[in-house]
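A.B. asks: Once you've had a glance at the structure underneath, I'll fire off some questions.
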Amino acid sequence: MTSPRNRESLSRRRFLSAAGMAGAGLAASAAGARAEAPDPLITEVQDWSRYLGEGVDKRPYGTPSRHEKHVIRRDVSWLTASPESSVNFTPLHELDGIITPSGLCFERHHGGIADIEPAQHRLMIHGLVDKPLVFTMEDIRRMPRQNRVYFLECAANSGMEWRGAQLNGCQFTHGMVHNVMYTGVPLKALLEEAGLKPNAKWLMLEGADSSGMNRSLPLEKALGDVLIAFAMNGEALRPEQGYPLRAVIPGWEGNLWVKWLRRIEVGDQPWMAREETSKYTDLLADGRSRRFTFIMDAKSVVTNPSPQAPLKHKGRNVLSGLAWSGRGTIRRVDVTLDGGRNWQSARIDGPVLDKSLTRFYVDFDWDGQELLIQSRAMDSTGYVQPTKGELRKVRGVNSIYHNNGIQTWHVRANGETENVEIG
């Protein structure tokens, strides 16, 4: 009589035998259909399967695969006189989802990266307050905190495109934007501890870098959704992102997000600092300037295909891109493959958050014909992203800020992709 254990073993052998025969039949059928030579990447044991890999003690702080070493921030050396007061760009075409890895978030500095010992850092609040205060980093970390995902976009993002197609790659045309989860304390809580005078209307935020970068911030915004952040993506801020403390001003231009934040002065009027008079104002065609244009309007870009990520295969492909708005959430993104003659709604996937990057996709078949690809975002206020021509009719071409016009990529028959403009 067969024991239960033996019956189980026999049953398992029969199952494996049947599965093996079925697999052999499928393999034979496929091989017969293709009549191809065996692929050594399948039939031969590869080196990574032959030898032991590195142990857990070799990479105490994880790094990307060496095969991804090309996925880096890049600068354009001729844009500025020196790298200490310059910018590098997020490789949008290499990323997916909505969260930007901390090591790939673009940088914009006015006096280089400040190297600050957190135990020696102080944040002072003074001016039109009842009680001037000085906070240490330990003080701030003991206060109730929040976690929020927001995009940060430099007002000069796409600025080189005002007068026509210039830089060939979405990393360079749109790469002064990133999206991370910030951890910090509401600015409102700090101001409440200090107490505001009745005539308080504006704040001046100042950084501890060598440029002493400062900007005026309306009190109404400060008492809303502004954070004073000490962490991003679950870890301490990176030095290039303002370690140990920075301002987070959701939906507003990145120049206001003062890094290495050391001082907040409360006043009754704006300070008219350099960064809000001679810079970060929008010069119109008639010589007047738009100033305090804080909000970043709805914008989108197709990241794949794009000049740095050309089409390589005919047949099934995935178009991918990003959309965002400083006024709320993204409600819809339309995409055209023929320069605007026909539009289709893209598939939005992943979280759709307030003042955050939103990921969209279009699955399509490509037969080698030339394409003119554009995307157009609509936000929760009903605002629709304009064409570059529509923007220029209102604002001229003298500005380098707040260009949220529709971007066009020309895909050639060989898949190569170029930054172009169409009427």
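FYI, it's all coordinate maths here, none of it is from the lab. Every value quoted in this text rests on a predicted model; they were computed, and no experiment measured them. Positions of Cβ are generated from backbone atoms using ideal geometry, with glycine treated the same way; all protein chains shown enter the neighbour counts.
A.B. asks: Under a straight-distance cross-link criterion of Cα-Cα below 28 Å, which lysines are reachable from residue 312, leaving out those fewer than 8 residues away in the same chain?
C.D. replies: Cα-Cα hits under 28 Å: 69, 299.
A.B. asks: Pick out, from 358, 384, 368, the residue whose Cα sits farthest towards the positive end of the charge dipole of segment 348-396, with +1 on the Cβ of Lys and Arg and -1 on the Cβ of Asp and Glu.
C.D. replies: 384
A.B. asks: Still on this structure, please answer the following. All other residues with a Cβ under 14 Å from the Cβ of residue 292 taken together, and with Lys, Arg as +1 and Asp, Glu as -1, what is their net charge?
C.D. replies: My count for the surroundings of residue 292 gives +2.
A.B. asks: Could you tell me the center-to-center distance, by alpha carbons, between segment 54-70 and segment 92-118 in angstrom?
C.D. replies: 19 Å
A.B. asks: Sort segment 360-423 into rounded, prolate or oblate with this rule: let a ≥ b ≥ c be the square roots of the eigenvalues of the Cα gyration tensor; rounded if a/c is under 1.5, and if a/c is not under 1.5, prolate when a/b is larger than b/c, oblate otherwise.
C.D. replies: oblate
A.B. asks: Once phi is turned into θ = phi - 60°, what whole-Hz ³J(HN,Hα) does the Karplus curve with 6.51, -1.76 and 1.60 give for every residue of segment 382-395, x standing for Gly and Pro?
C.D. replies: x, 5, 10, 4, x, 6, 5, x, 5, 5, 5, 4, 8, 10
A.B. asks: Normalised by the number of residues in segment 384-423, what is the relative contact order in percent for Cα pairs under 8 Å and 6+ residues apart?
C.D. replies: 36 percent
A.B. asks: Also: For segment 293-375, what log10 I(q)/I(0) values come out of the Debye formula at q = 0.14, 0.18, 0.20, 0.26 1/Å, with one point per alpha carbon and no solvent?
C.D. replies: -0.49, -0.76, -0.90, -1.30
A.B. asks: When the label point is put 7 Å from the Cα of residue 168 along its Cα-to-beta-carbon vector, which residues of segment 270-309 have a backbone N closer than 15 Å?
C.D. replies: Under cut-off, by backbone N: 306-309.
A.B. asks: With r defined as the distance between the Cβ atoms of residue 189 and residue 63 and R0 fixed at 41 Å, what FRET efficiency is calculated, to the nearest 0.05?
C.D. replies: Once rounded, the FRET efficiency stands at 0.65.
A.B. asks: How big is segment 173-266 by Rg and Dmax over its Cα atoms, in Å?
C.D. replies: That works out to 13.1, 44 Å for Rg and Dmax.
A.B. asks: Please report, in debye to the nearest 20, how large the charge dipole of segment 309-357 is about its Cα centre when each Lys and Arg carries +1 at its beta carbon and each Asp and Glu carries -1 there.
C.D. replies: So the dipole magnitude of segment 309-357 works out to roughly 100 debye.
A.B. asks: Rounded to the nearest 0.05, what FRET efficiency do residue 367 and residue 85 have when you use their Cβ-Cβ distance and R0 = 41 Å?
C.D. replies: Computed FRET efficiency for residue 367 and residue 85 comes out at 0.30.
A.B. asks: Turning to a different aspect of this structure: Under 19 Å Cα-Cα from residue 197, which aspartates and glutamates qualify once same-chain neighbours fewer than 8 residues away are excluded?
C.D. replies: 130, 220, 265, 268
A.B. asks: Taking the mean number of other Cβ atoms within 10 Å as a proxy for protection, how do you rank 76-88, 57-69 from highest to lowest?
C.D. replies: Descending mean neighbour count gives 76-88, 57-69.
A.B. asks: Using a simple spin-label model with points 7 Å from Cα along the Cα→Cβ vector, what separation in nm is obtained for residue 72 and residue 292?
C.D. replies: 4.3 nm
A.B. asks: Suppose R0 equals 30 Å; then what is the FRET efficiency for residue 220 and residue 279 from their Cβ-Cβ distance, rounded to the nearest 0.05?
C.D. replies: FRET efficiency, residue 220 to residue 279: 0.80.
A.B. asks: A further question follows. Treating only the Cα positions of the chain as identical point scatterers, give the base-10 log of I(q)/I(0) from the Debye formula at each q in 0.09 Å⁻¹.
C.D. replies: For the chain at q = 0.09 Å⁻¹, log10 I(q)/I(0) is -0.66.
A.B. asks: Report the extension gain between residue 142 and residue 96 in nm, rounded to one decimal, defined as 0.36 nm multiplied by the number of residues separating them, less their alpha carbon distance.
C.D. replies: 13.1 nm
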